[in-house]
Amino acid sequence: MFSKNIYISRRRTLMEKMSATAPEGQRGIAVFIGNAEAPAQYRDNCYKYRQDSTWLYYFGIDQPLYAAVLDFDEGRETIYADDFEIGDIIWMGPQPSVQSIAESVGISESAPYGALNAVVAKAMAAGRKVHYIRPSRYYNKIRIAELTGRKPCEVDDNFSETLTRAIISMRLVKEQCEIEQIDDACALGFEMHTTGRRGIVPGIVEQEIVGRMEGVTMSKGWGPSFPTILTQHGETLHNHTHDKIIEPGKLMVIDAGAENNMHYASDFTRTYPTSGKFTRKQREIYQIVCDCNNLAFELTRPGITYREVHLRTVRLMLEELRALDIVRGNIDNMVEAGIAGLFMPHGLGHNMGMDVHDMEDLNENLVGYDDDQKRSTQLGLGSLRMARRLVPGNVVTDEPGIYFIPALIDQWKAEKTDHGFVNYDRLESYRDFGGIRLEDDVLVTEDGARRTGPARLPITPDEVEAAMEEDRK
């Protein structure tokens, strides 16, 4: 938990933003629902608990079954939760009171959890606006439905866009205390990935490496920031199966991140030759992705849109693929036609913070796009999760990739989606190649950008081979 002044300041800023949107007396209240525990098999055996990130941002209380109301007309803040009873204390030991916990984050008023129902009902009866963000957890959705008298299926369509936009505007720009936590999570992610690279030995099962990697994050932080992707079939972008035996001559994609104890995330990807050395063909494609990763970083600065960074990056990709005779023709026309989507069917990056895809639970388009931007329908560009004009304090991922996906290649060839730009005869020899992705986390600064964390994982082909050679001594 940060100091209580951090949370006081954040709530004050939110109050000011919301108070500026409506006349006094018509601003209403905002209801925040913290997460509840979720049973894995039965009530007392739950999944590992993770608090809602927006709740953590404004209230910092990392415990289940908490809620809060901010009254934008009266300027009041109230925490709702129940004190533990003796039956709980027997199992858990002495626990602080709800009132003391509320005061630790700068809130003087608290009430039992069930009292929230009457507060919301009173506000609605008086015709006051009840603001809430779109919940991602089913419990929270059901709770909002109960409070507002809606069906659970109606909750998502009635979230407060005003409140959501205010929250996004704050969380998009990271405070110094958050940047320090992201750097810390990236340091842990560096150690996690180094452990993974050192474990790449032909003959062992992928799961062994995943277990060692995730053990690093759980021994020094909260755990993985998302389910680890570790696969010799990198052409499947989010391959979470880890049952394959490592074979020589393959490419191993490791996309993994760590979440530190303050719930800030890292997200790195590296691709390794399982034999320790790239083949000529592997090195050629790898170098293209590495060049794209470096170009994206060089372009990242205040004032540029990340959409432009994406487009200029895939332009370079197509230029270098053309040099290998995999595509042919005018590069401008290829970019316009979305040909890069055949090889990189995802966007260049996404926002980072407490969520590894920061705030996408709130509304992906509101988070990732400015009001004057329209999301593309093209494969690849249409999956760009962060397109906004960059400002200092944004934290984004830089993750270009090249994938040879047989089913997608066959579909484009049959449907002539490529408009004649793709050399399918040349592409045929890449059908069993797999995929390559290289990802860093990047902070936008006042005059450019820097990669987060204390050090960068080896990334050039020579650096990767040298690191793997050292690992195997």
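The values are calculated or read from the model by the stated rules, or taken from the named source; none is laboratory data. Every value quoted in this text rests on a predicted model; they were computed, and no experiment measured them. Every residue, glycine among them, receives a Cβ derived from its backbone with ideal geometry; neighbour counts consider all protein chains shown. For the accessible areas, the whole protein counts, side chains as well, though only heavy atoms, and no ligand, DNA or RNA atoms are used. Shrake-Rupley method; radii C 1.70, N 1.55, O 1.52, S 1.80 Å.
Per 0.36 nm of contour for each residue apart, how much would the distance between residue 115 and residue 12 grow if the chain were fully extended, relative to their Cα-Cα spacing?
Length gained between residue 115 and residue 12: 34.7 nm.
Enumerate the amide H contacts of residue 305 below 5 Å, restricted to partners 5 or more residues apart or on another chain; note that Pro and chain-start residues carry no placed amide H.
Hits under the 5 Å cutoff: 390.
Relative to the longest principal axis of the C-alpha atoms of the chain, give the angle of the C-alpha long axis of helix 138-148, reported between 0 and 90° and rounded to the nearest 10°.
40 degrees
Determine which residues of segment 1-43 fall in the zone a paramagnetic label at residue 177 would reach in this model, i.e. backbone nitrogen under 18 Å from the point 7 Å along Cα→Cβ.
Flagged as within label range: 1-16.
Over segment 262-418, with the other protein chains present, what is the accessible area per residue in square angstrom, probe 1.4 angstrom?
35 Å²
Any chance you could check the Cα centroid distance between segment 281-346 and segment 398-447 for me, in angstrom?
10 Å
Given +1 on the Cβ of Lys and Arg, -1 on the Cβ of Asp and Glu, and no further charges, what dipole in debye does segment 296-340 carry about its Cα centre, rounded to the nearest 20?
About 100 debye.
In nm, what is the difference between 0.36 nm times the number of residues separating residue 389 and residue 137 and their Cα-Cα distance?
The span from residue 389 to residue 137 would gain 87.7 nm if fully extended.
To the nearest 10 degrees, how steeply does helix 406-415 sit against the main Cα axis of the chain, on a 0 to 90 scale?
80 degrees
For the chain, which whole-number percentage of the solvent-accessible area (1.4 Å probe, protein heavy atoms only) is attributable to carbon and sulfur atoms?
C and S atoms contribute 50 percent here.
For 84, 343, give me the order by solvent-accessible area with a 1.4 Å probe, most accessible first, ignoring ligands, DNA and RNA.
Correct descending sequence by accessible area is 84, 343.
Excluding ligands, DNA and RNA, what is the solvent-accessible area per residue of segment 11-159 at a probe of 1.4 Å, expressed in Å²?
So segment 11-159 comes to 53 Å² accessible per residue, rounded to a whole number.
With both bridge residues required to lie in the chain, what share of the DSSP beta bridges run antiparallel, to the nearest 5%?
The answer is about 90 percent antiparallel.
I need the shape label for segment 1-55. Rule: rounded when a/c is under 1.5, else prolate if a/b > b/c, else oblate, with a, b, c from the alpha carbon gyration tensor.
Oblate, since a/c reaches 1.5 and b/c is not below a/b.
List, in the order given, every pair from 277/413; 244/416; 374/416; 244/277; 4/374; 220/277 whose Cα-Cα distance in the structure shown is over 29 Å.
277/413; 244/416; 4/374; 220/277
To test your reading of the geometry: what angle, between 0 and 90 degrees and rounded to tens, separates the Cα axis of helix 4-19 from the longest principal axis of the chain?
For 4-19 against the chain, the angle is about 90 degrees.
For semi-axes √(5λ) of the Cα gyration tensor in Å, the listed values are (1) 33, 29, 20; (2) 63, 25, 22; (3) 43, 26, 20; which was obtained by calculation from the structure presented?
(3)
What does the charge count near residue 221 come to, summing +1 for each Lys or Arg and -1 for each Asp or Glu among other residues with Cβ under 14 Å from its Cβ?
Surrounding charge for residue 221 is -4.
Give the accessible area for residue 214 in Å² (nearest 10); use a 1.4 Å probe, count only protein heavy atoms, and leave out ligands, DNA and RNA.
For residue 214, the solvent-accessible surface is approximately 50 Å².
Determine, from the Cβ-Cβ distance of residue 277 and residue 156 and an R0 of 41 Å, the FRET efficiency 1/(1 + (r/R0)^6), rounded to the nearest 0.05.
Rounded to the nearest 0.05, the efficiency is 0.25.
Residues in segment 384-422 near a label at residue 336, defined as backbone nitrogen under 19 Å from the 7 Å Cα→Cβ point?
Correct set: 417-422.
Tell me whether segment 418-473 comes out rounded, prolate or oblate; compute the Cα gyration tensor, take square roots of the eigenvalues as a ≥ b ≥ c, and use a/c under 1.5 as the rounded threshold.
oblate
Given R₀ = 45 Å, what would the calculated FRET efficiency be for residue 428 paired with residue 261, taking r from the Cβ atoms and rounding to 0.05? Mind showing how you got there, number by number?
On the way: r = 50 Å, r/R0 = 1.10.
Once rounded, the FRET efficiency stands at 0.35.
Answer rounded, prolate or oblate for segment 273-353, using the Cα gyration tensor with square roots of eigenvalues a ≥ b ≥ c: rounded when a/c is under 1.5, else prolate when a/b is larger than b/c, else oblate.
It comes out oblate by the Cα gyration axes.
Show me, for segment 35-41, the HN-Hα J-couplings you get by feeding each phi into the Karplus relation (A = 6.51, B = -1.76, C = 1.60, θ = phi - 60°), rounded to Hz, glycine and proline as x.
6, 9, 6, 10, x, 7, 10
In whole Hz, what ³J(HN,Hα) sequence does segment 150-160 give by Karplus (6.51, -1.76, 1.60; θ = phi - 60°), x for Gly and Pro?
For segment 150-160, the Karplus curve yields 9, 6, x, 5, 9, 5, 4, 6, 10, 5, 7 Hz.
Need the full-extension length gain, residue 63 to residue 455, defined as separation in residues times 0.36 nm minus the C-alpha distance. One decimal, nm.
The span from residue 63 to residue 455 would gain 137.8 nm if fully extended.
Accessible surface of residue 66 in the full protein assembly, 1.4 angstrom probe, to the nearest 10 Å²?
The accessible area comes out at roughly 10 Å².
Whose amide H sits under 5 Å from the amide H of residue 113, counting only residues 5 or more places off or on another chain, with H placed in the peptide plane?
For residue 113, the qualifying residues are 81, 82.
For the pair residue 304 and residue 364, what calculated FRET efficiency results from E = 1/(1 + (r/R0)^6), where r is the Cβ-Cβ distance and R0 = 25 Å, to the nearest 0.05?
Step by step, r from the Cβ atoms, then E = 0.75.
What percentages make up the Cα-Cα pair-distance distribution of segment 1-135 when the bins are 5 Å wide from 0?
Percent of Cα pairs in each bin: 2, 9, 17, 22, 20, 14, 8, 5, 2, 1, 0.
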